[in-house]
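Below is one structure, written out as structure tokens; comments come after it.
The values are calculated or read from the model by the stated rules, or taken from the named source; none is laboratory data. Remember, predicted model here, so these are calculated numbers, not experimental data. When we count neighbours, we look across all protein chains shown, and the Cβ atoms used for this are built from the backbone with ideal geometry, even at glycine.
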Amino acid sequence: MWHRSASFIIDRLAQNENVTNPDSRPLSSASTVMAADNPNPQVSLYYQTRAAHHGVVTSDWLAQAQSAVGHHHDDSLSDNYASSGEEDKKISVVDEFNNWRQQPDLAEAVAAIRALSSVIRSSQATTMMELEIELKRASDSLKAWDTTSISLTAGCDLFMRYVTRTSALEYEDFGSAKSRLIERAEKFGEISYTARKIIAMLSQDFIFDGCTILVHGFSRVVLEVLRTAAQTKKLFRVFCTEGRPDRTGLRLSNELAKLNVPVKLLIDSAVAYSMDDIDMVFVGADGVVESGGIINMMGTYQIALVAKSMNKPVYVAAESYKFARMYPLDQKDMVPALRPIDFGVPIPSKVEVETSARDYTPPQYLTLLFTDLGVLTPSVVSDELIQLYL
Amino acid sequence: MDPRRVPRAASNPIVRHVGFFAPGAAPDLSQSGPPDPTSSSPPVSNFSPSSNSLSPVMIPPPRLLSTDVSRGSPRGPPLSHLHAARAADYTSIPVGSYNPSEFISPTASTEFSEDLISTKRGLRSVSGKFATSLPARGFDMAAVKQKRVLNLDPDVIGFVFLEKKDGETNVEERRELGPVSGKTLKEKTTKAERRAIQEAQRAKKASDQGGGGKTSAAASGVNSANANKIVKVVPLRKDGSMVAASEKKGGDRQPDKDRKKDVSHPRTRMQFDDENRVEKAKKRSVVKQVEVKNRVELFRHLPQYEHGTRLPDLEAKFFQLGPVHPSVYKVGLRYLAGEISGGNARCISMLQAFQESIRDYTTPPEKTLIRDLTTKLNCYVSFLIECRPLSISMGNAIRFLKTRIAKLSLTLSESEAKASLISDINRFISEKITLADKVIVKHAVTKIRDGDVLLTYASASVVEMILSHAQELGKQFRVVVVDSRPKLEGQKLLRRLVEKGISCTYTHINAVSYIMHEVTRVFLGASSVLSNGTVYSRVGTASVAMVAHQFRVPVLICCEAYKFHERVQLDSICSNELGDPDAISRVSGRKEINFLSGWMKNENLQILNLMYDATPSDYVSMIITDYGMIPPTSVPVVVREYGRENLWMQ
């Protein structure tokens, strides 16, 4: 079913190719570089994965989803991974990563971390230096594979830091040092995997009975937060934005309806209209940057602006592996992640289409960040990053 | 993730302290150093709460007075040097904020003799006007029926502030202390109070000896025994001058011990509106300094000397060098002449001069290298301060060097110790300055895109490096150089940029609001970045940053991390530097617009030539340092994480 929806998207993309004029949109240097690996340079790989995971919500997909409630889709996948991962050691890190990435519940960064730790496991290196170089190469190739994914880059960097930054390694023989590395890698993977649960737990104090929460886009962390709140018998209402163009809000509303949470769907432009009723805004993040701002799905910035002008708190739920060492000064100061937009009608080739998929929300519009390191103000993010990377 | 973060496991999320928290134990109060106005000697500190109650017996020992007065009254500065002096005694390795005493070694702390303190306390003349503070413990205020000002601040604890302005007295009575009978007094004397009384009596005795009879009449005040007695304060005009005279006498009789200490402990942060202090400083200074007469009221605490009087004098003295090493002398002269300017250049030349002097240094017999060299260094530093006030970056460098000296192992031979110090200085210059600049340039060019219009103000060496590097990388951009009178530093920068083939626009700061709308990035240098994100830089920077902020143009500050300081500053007043007022009153080469020539001596004309200003962190989008690009809110993180590393660099 997942693959079906994914292929559905790919088909649609091919159609879009024909409709829109490719040279009307300048390609970023980054996307041309990765064009070799990326079958479709028009679309950010990151968003392809997300689309594959979350799917464009179509009516037939919804029908299937309804019928398949309670079905754990990732069981089979993780099972067949477990066998394949152990078997062929020669597998390239990108394949390994893609393999992990198939699991919808597994964040990209965690998938990267697992792929990298399997690199350590299968490494033939005989010295620490060799292993480090190998690991470095693997993480570089992963990063180069998709430059638009912030959490992938951040996850790789963090992993390298976490694994190689241990002084004990120097005094041990290679065998035990390697096993220690694997141990650390697994621990890190574990930490990252449980991060979502921690965030959900931390954020419970902020959701009070009777509150109305505005959610933008589909974020697994936010869903986890709301799910935990629903499970602890909190009474709250959720407003979901539609989340054009991939309509991620519809999927979130679908998930919430399953949890018996009252949901209301808004079109993206109705945010300011309904801000009066809203008590807080909850968003996820593609990446948390050094200024303490976030990079997230297109539309987050304007929601934050509206919320700020109406004095509503904006909360961000993000795992610490999304903390990235980047510092965008304005909206254009990042590698653009492009995503096709289906307007339903053919667009004349003279008309330009803004296909950027995400925007940058500066820290002054955010109230708090819920991370697995604790509840942080935006300015602490840089504190954490400095401690992590320097 | 480094080992430090291991305990933060996934299983138990820790809601962490957010904001400032000291890594270790809170510093001891007595150690907390000069910046904290409440810091006082331990036995006294428990006084202050009770001082607000209606008990005039609360007499603090003299040492507290300075601190309390400086806090309690707007006339604070006159006394605060005393405070600074005392604080320096208590501070071993200062932990507080930026303060000159950081550069001062924690060597022998000689106690001020009591009589010195009490005489100083007696009276202080402030810029021709008299402000006198008389101890008037137990004054029965109700009984004082004159129209005279008894400015009795409860915080001042039994101190009466008498202020006279041009023969006119202004009446302001903040609080009346009720009469207290001897009975209640007896009941209420606690241990602390008794101690206070004792101290006061000692002080009285001392002042009697030091200041002569006339002072004692007014200054000693009434002790607790005759608390009800009406004290007749001698009419001010006469008394003021008399006390002033006696005070001077007391000051001259300063024991040798103190004088010696003064030499080895230069007080960088002198309050220059305190005439006595200035008088004294002048006596021991190498450079002959003539102070400018008409200084702007708000900036009287800053030194300002008449231009051109110092250099010839100093040059003449070159062959009768005192304790100052020739290389340091040379650097000082060049500071004075304005040949070396710019934070990095000044810092490097100073360090190199120190290196030279260390090379020529031999430990005198019966002295240890660590102590003697620190004293020497203090002497050099005070000389350099006389030439031009230190920048914060230089302060940090000096602090680094002193820590290195103090950390020298005693087992090292003299030559080994010297070699290690010299290599330390070299390492500081290369790592903290040269290499840091390279890293900053590397980071900053990533923020320059094709088609950008970059604005820069004045002339920052790092910004110049960034622009030329971006040009080498083949980026397409245009530069707007904004400049200002009187230094016109931008012209030099402009010249070098145009030579490199960069397309430039040159304008003065008056046009910044016009030019800003076409700018996409503002790159600025900084003299220092303070803990609250305030950027302390060439005057005018704040206006440029403010205009840029208003136009939503990102402001990028490029500053090496060694210029960061844990001090917090909210305005550009309390710590700044004054330039030559002539420079702004006169336009060289244009006689027809010299409307102010000959007006310099006019008392109604006060010319302010400020050198630096403080840019609030709100206007700063990003600070580019050798530790990467950080928001201004993260300056304290860098200071906390790496400030220590700087000092204890191994």
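Scan the range A:216-228 and tell me whether some residue there is within 14 Å of another protein chain (Cβ to nearest Cβ) and among the hydroxyl-bearing types (Ser, Thr, Tyr). Checking the range A:216-228: at least one residue is within 14 Å of another protein chain (Cβ to nearest Cβ) and among the hydroxyl-bearing types (Ser, Thr, Tyr).
Exactly one residue among A:180, A:114 is of a type outside the set (Gly, Ala, Ser), surrounded by 16 or more Cβ atoms within 10 Å (Cβ to Cβ) and at pLDDT 75 or above, and that residue is A:114. Criterion applied to A:294, A:341 was being closer than 27 Å to residue A:238 by Cβ, among the hydrophobic types (A, V, I, L, M, F, W, C) and out of contact with any helix residue (DSSP H, G or I) (no Cβ under 8 Å at 6 or more places or on another chain), and the one residue passing it is A:341.
Name, by its number, the condition in (1) part of a helix (DSSP H, G or I); (2) more than 22 Å from residue A:388 (Cβ to Cβ); (3) in contact with a Leu (Cβ under 6 Å, 6 or more places away or on another chain) that does not hold for residue A:239. Residue A:239 satisfies every listed condition except (1).
Selection within the range B:546-560: residues that are without any contact (Cβ under 8 Å) to a residue 60 or more places away in the chain and not in a loop (DSSP other than H, G, I, E, B). The member of this set that is surrounded by the most Cβ atoms within 10 Å (Cβ to Cβ) is B:547. The residues of the range A:202-258 that are without any contact (Cβ under 8 Å) to a residue 12 or more places away in the chain and of a type in the set (Gly, Ala, Ser) amount to a single one, A:257.
Residue B:416 passes every criterion in (1) within 14 Å of another protein chain (Cβ to nearest Cβ); (2) of a type outside the set (S, T, N, Q); (3) more than 25 Å from residue B:566 (Cα to Cα) apart from (1).
Only one of the listed residues (B:633, B:625) is of a type in the set (S, T, N, Q) and closer than 17 Å to residue B:462 by Cβ. That residue is B:625.
Pairs are defined by a Cβ separation below 7 Å, a sequence spacing of at least 6 or placement on different chains, a first member in the range B:632-650 that is farther than 12 Å from residue B:566 by Cα, and a second member that is modelled with pLDDT of 75 or more and basic (Lys, Arg); the pairs so defined are B:647/B:399.
Among the residues of the range B:606-632 satisfying the criterion of being out of contact with any Gly (no Cβ under 6 Å at 6 or more places or on another chain) and among the polar types (S, T, N, Q), which is farthest from the other protein chains (Cβ to nearest Cβ)? Checked the range B:606-632; the qualifying residue farthest from the other protein chains (Cβ to nearest Cβ) is B:606. Under the condition of being closer than 21 Å to residue B:511 by Cβ and part of a loop (DSSP other than H, G, I, E, B), which residue from the range B:442-476 is nearest to the other protein chains (Cβ to nearest Cβ)? Only one residue fits best here, namely B:460. Hey, any hits in the range A:185-192 for a residue that's at pLDDT 85 or above and farther than 25 Å from residue A:286 by Cβ? No. Selection within the range A:308-339: residues that are over 18 Å from residue A:222 (Cα atoms) and of a type in the set (A, V, I, L, M, F, W, C). The member of this set that is nearest to the other protein chains (Cβ to nearest Cβ) is A:329.
Residue by residue, here is whether (1) assigned to a loop (DSSP other than H, G, I, E, B); (2) over 20 Å from the mean Cα position of the chain (by Cα); (3) facing chain B (nearest Cβ under 10 Å) holds:
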| position | (1), (2), (3) |
| --- | --- |
| A:343 | yes, yes, no |
| A:347 | yes, yes, no |
| A:351 | yes, yes, no |
| A:354 | yes, yes, no |
| A:359 | no, no, no |
| A:369 | no, no, no |
| A:375 | no, no, yes |
| A:379 | no, yes, yes |
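Scanning the range A:173-213 for residues that are in contact with a helix residue (DSSP H, G or I) (Cβ under 8 Å, 6 or more places away or on another chain) and not in a helix (DSSP H, G or I), we see that the one that is farthest from the other protein chains (Cβ to nearest Cβ) is A:212.
Yes or no: residue B:462 β-branched (Val, Ile, Thr), modelled with pLDDT of 95 or more, in the same structural domain as residue B:561 (by the TED database) and crowded, with 16+ Cβ neighbours inside 10 Å? So residue B:462 does not fit the description; no. Entry remark, the range B:335-355: residues being assigned to a helix (DSSP H, G or I) and surrounded by fewer than 18 Cβ atoms within 10 Å (Cβ to Cβ) number 3 in total. One residue stands out among those in the range B:403-422 that are part of a loop (DSSP other than H, G, I, E, B) and either of a type in the set (Gly, Ala, Ser) or touching a residue at least 60 places away in the same chain (Cβ under 8 Å) (or both): the one that is nearest to residue B:363 (Cα to Cα), which is B:413.
Considering only the range A:160-172, I want to know if a residue exists there that is surrounded by 15 or more Cβ atoms within 10 Å (Cβ to Cβ), modelled with pLDDT under 75, in a helix (DSSP H, G or I) and over 24 Å from the mean Cα position of the chain (by Cα). Yes: one or more hits. Among the criteria (1) surrounded by 16 or more Cβ atoms within 10 Å (Cβ to Cβ); (2) in a loop (DSSP other than H, G, I, E, B), the one residue B:433 does not fulfil is (2).
From B:641, B:592, B:603, grab the single residue that is surrounded by fewer than 20 Cβ atoms within 10 Å (Cβ to Cβ) and within 11 Å of another protein chain (Cβ to nearest Cβ).
B:641
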